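Have a look at the structure below, then the notes.
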Amino acid sequence: SMSTASVKQVGTHNGSFHCDEALGCFMIRLTQKFAGAHIVRTRDPEVLQSLDAVLDVGGVYDPEKDRYDHHQNGFQEVFGYGFTTKLSSAGLVYK
């Protein structure tokens, strides 16, 4: 069994659930790195900064740092391969 200290924490926004962050949280927990991770629902920037991954909140897309938000101005990330639809947080996790 994993100790509490070793369990990863994945953040997303609080308030209403949306399909993109719910699916993104499900998908990231399928990875070996985030298997069994606890989901933290908050918009508090200090809390978000302390988490292992953040989806759909925080204004940062940086897969190297496990940050998967798509709400920032000028966001243009697409899947590639000729696709032109901008990705949601779930799409960013998948990519």
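The values are calculated or read from the model by the stated rules, or taken from the named source; none is laboratory data. If you're wondering where the values come from, they're calculated on a predicted model, not measured in any experiment. Heads up, the Cβs are rebuilt from the backbone with ideal geometry, glycines too, and the neighbour counts pull from every protein chain shown. In case anyone asks, the SASA skips ligands and DNA or RNA and just uses the protein heavy atoms, side chains included. Shrake-Rupley method; radii C 1.70, N 1.55, O 1.52, S 1.80 Å.
Here are a few things to note about the model shown:
- Dipole in debye (nearest 20) - the chain, about Cα centre, beta carbon charges: Lys, Arg +1; Asp, Glu -1: 200 debye
- Partner lysines for residue 8 [C-alpha distance under 21 Å; skip if fewer than 8 residues away on the same chain]: 33, 65, 95
- Taking the C-alpha atoms of the chain, convex hull volume expressed per residue in Å³: 105 Å³
- Among 11, 82, 24, the largest mean-square fluctuation in a Gaussian network model of the chain, built with springs joining Cα atoms closer than 10 Å, belongs to 82.
- Value of relative contact order over the chain, rounded to a whole percent, pairs C-alpha under 8 Å and six or more apart: 29 percent
- Degrees, to the nearest 10: 19-28 long Cα axis against longest axis of the chain: 60 degrees
- Where only DSSP H runs of four or more residues are counted, the chain gives -6000 deg cm²/dmol as its mean residue ellipticity at 222 nm, each run worth -39500 (n - 2.57).
- Counting only protein heavy atoms and a 1.4 Å probe, the chain has 64 square angstrom of accessible area per residue.
- Fluctuation leader among 52, 20, 44 - the chain, Gaussian network, Cα springs under 10 angstrom: 44
- Between 60, 78, 40, the Gaussian network model of the chain with springs among Cα atoms under 10 angstrom shows the greatest mean-square fluctuation at 78.
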